[in-house]
Amino acid sequence: MSKPSGPICNLDCRYCYYLGKTSLFPAGEHFRMTDTVLEAFVRSFIEASPGPVVHFVWHGGEPALRGLDFYRRALALQERYLPTGWTCINNLQTNGVLLDDAWCAFLAEHRFHVGVSIDGPARLHDACRTDKAGHPTHAQVMRALTRLQRHGIHADVLCTLNAVTAPHPAEVYRFFIDHGVRWLQFLPVVQRTAAGGVSDLSVTPEAMGTFLCTVFDEWIRNDVERIAVQIFVECFRVCLGESASLCVMAETCGRALAMEHDGSVYSCDHFVEPAHRLGDVVADGLAALVDTHAQVAFGRAKRDALPRACRACPVLSFCNGGCPKDRFAATVDGEPGLNYLCTGYRRFFEHAAPYLRRMVELTRLHRPAAAIMAEVREEAADSGQAWRRAPRNAPCPCGSGRKYKHCCLATRDPR
């Protein structure tokens, strides 16, 4: 991903891991990608791509700070360097605040894919996502989302799971559905402290697991093939026998480089630091940098450094240890390298897998995967009948082995 404005942003989100990257650059840095770097990046990226579709990702900081003229130049360079018959897809990941009608018209005309960062309803979003003066931004972002939709762009939404949003899975999910969002990505916030722990804003593994399971239960009953939730889509791919395309779920990583505004290339967006600087796009070119010994070893370490407990885990094929940046916990036998979010991910994968495998069965029977929704609703209705008919002294329908009156009777809705 390319960062044309570097780590500079017009917001001051409390959990942002990237704003501090300004410390990598000298005082007085302008944080504006030059035309020389832009041309080297576009040419090098196209040359290094297998084609015939080349996918450019413009990220930040806030990439819209670079202005429309910058992206007009980028498109002209893409057209100049694309081989005959090839095409480009451009993706802009933005906080949305700067997207007026001129921006939206440009993005629509050139068929940009747009990702907008929103943390759900206003009271949840504005708790962390303010501008530099501490003012709320939710209303501005929602206006941008509406403008994009009015111009025919159905933006992907990136919603962080943090200590504020994670306790409200149903509210957050329904908010996005009610506002016409079709693609959702939930990104867990794991913010390290100087002492080696995690901040109070970080999501806990338990809260993340509950959030994902709750949203999945809503989705599997009502929204299959209507709403795409990234982690659900990726898990379905795994159940199909394919490899996950999402790097945090893939067996190895290392192919998703990050390039700063000055042309410096790093191993990953989460490892923009001196130890993981690979080189410079102008001097070295992307193809050479992605295949360096250091970068290949970085990518393979995701697999090779897995703890024994992970290698024996029944859901390893879904997570493959997760993102290396979060692998700072220890297993029960003290081995390092366990993902901090492991228990939450495992709970979700074990919960979702039977339904996703049934969806695979349906597709192989030439039936729509969405047929799972009717099956789940029917199963829920049958289960409700079992609860309503259970005698007080009978074994509890939950399967605990205890009598109903000593188990779930007090907590079940008698309706």
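The values are calculated or read from the model by the stated rules, or taken from the named source; none is laboratory data. Quick caveat, the model's predicted, so the values are computed rather than measured. Neighbour counts run over all protein chains shown; Cβ positions are idealised from the backbone, glycine included. To get the accessible areas, we keep the full protein, side chains included, count just its heavy atoms, and leave off ligands, DNA and RNA. Shrake-Rupley method; radii C 1.70, N 1.55, O 1.52, S 1.80 Å.
Condition check ((1) in contact with a Pro (Cβ under 7 Å, 6 or more places away or on another chain); (2) open to solvent by less than 30 Å² (accessible area, probe 1.4 Å); (3) within 24 Å of residue 249 (Cβ to Cβ); (4) at pLDDT below 95) across all residues:
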residue	(1), (2), (3), (4)
277	no, no, no, no
304	no, no, yes, no
328	no, no, yes, no
331	yes, yes, yes, no
335	yes, no, yes, no
348	no, yes, yes, no
371	no, yes, no, no
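Among the numbered conditions (1) part of a loop (DSSP other than H, G, I, E, B); (2) in contact with an Asp or Glu (Cβ under 8 Å, 6 or more places away or on another chain); (3) not charged (D, E, K, R), the only one that residue 114 does not meet is (1).
Comparison of 80, 66 shows that the only residue that is among the basic types (Lys, Arg), open to solvent by 20 Å² or more (accessible area, probe 1.4 Å) and in contact (Cβ under 8 Å) with a residue 60 or more places away in the chain is 66. Screening residue 231 on (1) out of contact with any Pro (no Cβ under 9 Å at 6 or more places or on another chain); (2) within 30 Å of residue 23 (Cα to Cα); (3) crowded, with 21+ Cβ neighbours inside 10 Å shows it passes everything except condition (2).
Per the conditions (1) touching a residue at least 40 places away in the same chain (Cβ under 8 Å); (2) open to solvent by 30 Å² or more (accessible area, probe 1.4 Å); (3) of a type outside the set (A, V, I, L, M, F, W, C), the sole criterion not satisfied by residue 4 is (2). Against the conditions (1) among the polar types (S, T, N, Q); (2) more than 29 Å from residue 188 (Cβ to Cβ); (3) in a strand (DSSP E or B), residue 91 satisfies every one except (2). Here residue 85 passes the criteria (1) buried (at least 20 other Cβ atoms within 10 Å of the Cβ); (2) in a loop (DSSP other than H, G, I, E, B); (3) among the small types (Gly, Ala, Ser) except the one numbered (1). Residues that are in contact with a Lys or Arg (Cβ under 6 Å, 6 or more places away or on another chain) and surrounded by fewer than 17 Cβ atoms within 10 Å (Cβ to Cβ) within the range 137-160 comprise just one, 154.
The set of residues in the range 118-138 that are without any contact (Cβ under 8 Å) to a residue 60 or more places away in the chain, outside any loop (DSSP other than H, G, I, E, B) and under 15 Å from residue 16 (Cα atoms) contains only 125. Looking across the range 280-302 at every residue that is under 20 Å from residue 56 (Cβ atoms), surrounded by fewer than 18 Cβ atoms within 10 Å (Cβ to Cβ) and of a type in the set (Gly, Ala, Ser), the one that is nearest to the chain's Cα centre (by Cα) is identified as 287. Restricting the range 160-185 to residues that are in contact with an Asp or Glu (Cβ under 8 Å, 6 or more places away or on another chain), assigned to a strand (DSSP E or B) and not hydroxyl-bearing (Ser, Thr, Tyr), the residue that is farthest from residue 205 (Cα to Cα) is 183. The residue list 157, 203 contains one member that is in a loop (DSSP other than H, G, I, E, B) and touching a residue at least 12 places away in the same chain (Cβ under 8 Å), which is 203. When 23, 44 are checked against the criterion of being open to solvent by 20 Å² or more (accessible area, probe 1.4 Å) and part of a helix (DSSP H, G or I), 23 stands alone in meeting it.
Can you confirm whether residue 12 is in contact with a Gly (Cβ under 9 Å, 6 or more places away or on another chain), more than 30 Å from residue 291 (Cβ to Cβ) and either open to solvent by 30 Å² or more (accessible area, probe 1.4 Å) or modelled with pLDDT of 95 or more (or both)? Here the answer is yes, as residue 12 does meet what is asked. Can you name every residue in the range 20-44 that is in contact (Cβ under 8 Å) with a residue 24 or more places away in the chain and either of a type in the set (A, V, I, L, M) or under 20 Å from residue 201 (Cβ atoms) (or both)? Result: 21, 24, 33, 37, 38, 40, 42.
Being modelled with pLDDT of 95 or more, under 23 Å from residue 276 (Cα atoms) and in a helix (DSSP H, G or I) is a property that residue 309 lacks.
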